[in-house]
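One structure is given below, encoded as structure tokens.
The values are calculated or read from the model by the stated rules, or taken from the named source; none is laboratory data. As the structure is a prediction and not an experimental result, all values here were calculated from the model. All Cβ positions, even for glycine, are placed from backbone atoms using ideal geometry, and neighbour counts span all protein chains on display.
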């Protein structure tokens, strides 16, 4: 096989508040290789996290080479999805509340160390792009993506193209206001959707309910009475097992998300809304009341036109979308 015929590979990286996930893909998207995940450990600061990312990417390259006949020269670039807001043109993370970053030149750090072309895009944009390319939003023309984890992010695909807005701020769905005088958010605002329906917010609301509720719940036993150990996943697990209080928390979460989604339907009139992240583990306990809340709040023609679906690429949508973002910018399309 000549060098002109050799398969090319792209590394995708999804930087989250809790974990960093990376993997390699063939440039045509047909194979996913060498997926790895490590804790973000944001306490080590921006430079420390960048070093962790570099080591992770190096490991992915070595793993992918061991799985294929690839050599180092077959890796053409790196796509990174990171929480924002961002300056994509300069490759800078402007503000990342859940990481504690400000004005960090992430793209340059990665590119200079690994000597590969590197792109930077919003992590939720990447997750939406990934679901549109290879997941639950395939075939959609106008798509809204919502990613729920340590924070809540969003992405918009309008008329088949990823929409970034005038200053790369489009899609910050988690920081839309759903309560004028509501909970304080890490971004500094009050009443953001993220302050009610992100994974940490779900855990916080569960603690608040359990402190004041007299009813029985299995959640305290699941954490040996240590309320600080309650996570959103524990709430979902309890709800799936029939715990009444956990189900109430999930229903409330669905109502908050439903209000946010209804606003988006009335603004963008999408044909698909894809919800990704750990919250999808709640299944019908989340999606049935979420869809009902959307029907209650959004205009009927917008509701009839849309499908609200869970993501199909759990844990990998951001990686797939980061690859797609690199491919679009460097290789002329997805």
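Answer yes or no as to whether residue 77 is farther than 20 Å from residue 164 by Cα, in contact with a helix residue (DSSP H, G or I) (Cβ under 9 Å, 6 or more places away or on another chain) and modelled with pLDDT of 95 or more. Break it down stepwise before answering.
Working: farther than 20 Å from residue 164 by Cα: yes; in contact with a helix residue (DSSP H, G or I) (Cβ under 9 Å, 6 or more places away or on another chain): yes; modelled with pLDDT of 95 or more: yes.
The answer is yes for residue 77.
I'm told residue 273 meets every condition in (1) assigned to a helix (DSSP H, G or I); (2) crowded, with 23+ Cβ neighbours inside 10 Å; (3) at pLDDT 95 or above except one. Can you identify the failing condition by its number?
So the condition that residue 273 fails would be (1).
Tell me, yes or no, whether region 286-298 has at least one residue that is closer than 27 Å to residue 177 by Cβ, in contact (Cβ under 8 Å) with a residue 24 or more places away in the chain and touching a strand residue (DSSP E or B) at 6+ places or on another chain (Cβ under 6 Å).
Yes; the residues of region 286-298 include at least one that is closer than 27 Å to residue 177 by Cβ, in contact (Cβ under 8 Å) with a residue 24 or more places away in the chain and touching a strand residue (DSSP E or B) at 6+ places or on another chain (Cβ under 6 Å).
Looking at region 193-204 only, could you name the residues that are in contact with a helix residue (DSSP H, G or I) (Cβ under 6 Å, 6 or more places away or on another chain) and touching a residue at least 40 places away in the same chain (Cβ under 8 Å)? Lay out the reasoning, then the answer.
Residues of region 193-204 that are in contact with a helix residue (DSSP H, G or I) (Cβ under 6 Å, 6 or more places away or on another chain), as a first pass: 193-197, 199, 201-203.
Within region 193-204, 193, 194, 196, 197, 199, 202 meet the criteria.
Please count how many residues of region 172-184 are within 15 Å of residue 148 (Cα to Cα), touching a helix residue (DSSP H, G or I) at 6+ places or on another chain (Cβ under 7 Å) and part of a loop (DSSP other than H, G, I, E, B). Walk me through how you get there before you give the answer.
Pass one, region 172-184, residues within 15 Å of residue 148 (Cα to Cα): 172-176.
In the following step, the residues that additionally are touching a helix residue (DSSP H, G or I) at 6+ places or on another chain (Cβ under 7 Å) were identified as 173-176.
In the following step, the residues that additionally are part of a loop (DSSP other than H, G, I, E, B) were identified as 176.
The total comes to 1.
Answer yes or no: is there a residue in region 247-261 that is under 27 Å from residue 23 (Cβ atoms) and either modelled with pLDDT under 95 or touching a helix residue (DSSP H, G or I) at 6+ places or on another chain (Cβ under 8 Å) (or both).
The answer is no; no qualifying residue exists.
Restricting region 6-20 to residues that are modelled with pLDDT under 95 and either out of contact with any helix residue (DSSP H, G or I) (no Cβ under 7 Å at 6 or more places or on another chain) or outside any loop (DSSP other than H, G, I, E, B) (or both), which is nearest to residue 322 (Cα to Cα)?
19
Quick one: how many residues across region 124-139 are surrounded by fewer than 24 Cβ atoms within 10 Å (Cβ to Cβ) and either in contact with a helix residue (DSSP H, G or I) (Cβ under 6 Å, 6 or more places away or on another chain) or over 17 Å from residue 273 (Cβ atoms) (or both)?
Residues flagged as surrounded by fewer than 24 Cβ atoms within 10 Å (Cβ to Cβ) and either in contact with a helix residue (DSSP H, G or I) (Cβ under 6 Å, 6 or more places away or on another chain) or over 17 Å from residue 273 (Cβ atoms) (or both) within region 124-139 amount to 2.
Would you check if residue 257 is crowded, with 24+ Cβ neighbours inside 10 Å, under 21 Å from residue 129 (Cα atoms), assigned by TED's automatic domain parsing to the domain that holds residue 146 and under 19 Å from the mean Cα position of the chain (by Cα)?
Numbers: crowded, with 24+ Cβ neighbours inside 10 Å: yes; under 21 Å from residue 129 (Cα atoms): yes; assigned by TED's automatic domain parsing to the domain that holds residue 146: yes; under 19 Å from the mean Cα position of the chain (by Cα): yes.
For residue 257, the condition - crowded, with 24+ Cβ neighbours inside 10 Å, under 21 Å from residue 129 (Cα atoms), assigned by TED's automatic domain parsing to the domain that holds residue 146 and under 19 Å from the mean Cα position of the chain (by Cα) - is met.
Considering each of 121, 112 in turn, give the residue that is crowded, with 24+ Cβ neighbours inside 10 Å and outside the structural domain of residue 186 (by TED's automatic domain parsing). Spell out how you get there, then give the answer.
Working: 112 fails: crowded, with 24+ Cβ neighbours inside 10 Å.
Every option except 121 fails the conditions.
Return yes when residue 229 is in contact with a helix residue (DSSP H, G or I) (Cβ under 7 Å, 6 or more places away or on another chain) and without any contact (Cβ under 8 Å) to a residue 40 or more places away in the chain and no when it is not. Walk me through it before giving the result.
On the way: in contact with a helix residue (DSSP H, G or I) (Cβ under 7 Å, 6 or more places away or on another chain): no; without any contact (Cβ under 8 Å) to a residue 40 or more places away in the chain: yes.
So residue 229 fails the test.
Suppose the filter is more than 20 Å from the chain's Cα centre (by Cα), part of a helix (DSSP H, G or I) and surrounded by 18 or more Cβ atoms within 10 Å (Cβ to Cβ); does residue 294 pass it?
Judged against the criteria, residue 294 is a match.
Can you find a residue in region 238-253 that is surrounded by 16 or more Cβ atoms within 10 Å (Cβ to Cβ) and in contact (Cβ under 8 Å) with a residue 60 or more places away in the chain? Show your work before the answer.
Filtering region 238-253 for residues surrounded by 16 or more Cβ atoms within 10 Å (Cβ to Cβ) gives 238-240, 243, 245-253.
Checking which are in contact (Cβ under 8 Å) with a residue 60 or more places away in the chain leaves us with none.
For region 238-253, residues surrounded by 16 or more Cβ atoms within 10 Å (Cβ to Cβ) and in contact (Cβ under 8 Å) with a residue 60 or more places away in the chain: absent.
Could you tell me which numbered condition residue 104 fails, if it satisfies all but one of (1) over 18 Å from the mean Cα position of the chain (by Cα); (2) free of Cβ contacts under 8 Å to residues at least 40 places away in the same chain; (3) farther than 28 Å from residue 333 by Cβ?
Here residue 104 clears every test but (2).
Give the residue that is farthest from the chain's Cα centre (by Cα), with candidates limited to residues of region 21-52 that are within 14 Å of residue 100 (Cβ to Cβ) and part of a loop (DSSP other than H, G, I, E, B). Can you show your working first?
Residues of region 21-52 within 14 Å of residue 100 (Cβ to Cβ): 40-50.
Subset that is part of a loop (DSSP other than H, G, I, E, B): 40-41.
Numbers: 40: 14, 41: 17 Å.
If we take residues in region 21-52 being within 14 Å of residue 100 (Cβ to Cβ) and part of a loop (DSSP other than H, G, I, E, B), then 41 is farthest from the chain's Cα centre (by Cα).
Filter region 148-171 down to residues that are in a loop (DSSP other than H, G, I, E, B) and in contact with a strand residue (DSSP E or B) (Cβ under 6 Å, 6 or more places away or on another chain), then give me how many there are. Outline the logic, then answer.
Applying the first criterion (in a loop (DSSP other than H, G, I, E, B)) to region 148-171 yields 149-151, 159-160, 163-171.
Still in the list and also in contact with a strand residue (DSSP E or B) (Cβ under 6 Å, 6 or more places away or on another chain): 149, 163, 168, 170-171.
Summing the residues that are in a loop (DSSP other than H, G, I, E, B) and in contact with a strand residue (DSSP E or B) (Cβ under 6 Å, 6 or more places away or on another chain) in region 148-171 gives 5.
Among (1) over 30 Å from residue 77 (Cα atoms); (2) in a helix (DSSP H, G or I), where does residue 242 come up short?
(2)
Of the residues in region 63-94, how many are in a strand (DSSP E or B) and free of Cβ contacts under 8 Å to residues at least 12 places away in the same chain? Show your work before the answer.
The first filter runs over region 63-94 and keeps only residues in a strand (DSSP E or B), leaving 75-82, 86-87, 92-94.
Filter again for free of Cβ contacts under 8 Å to residues at least 12 places away in the same chain, leaving 94.
Within region 63-94, residues that are in a strand (DSSP E or B) and free of Cβ contacts under 8 Å to residues at least 12 places away in the same chain number 1.
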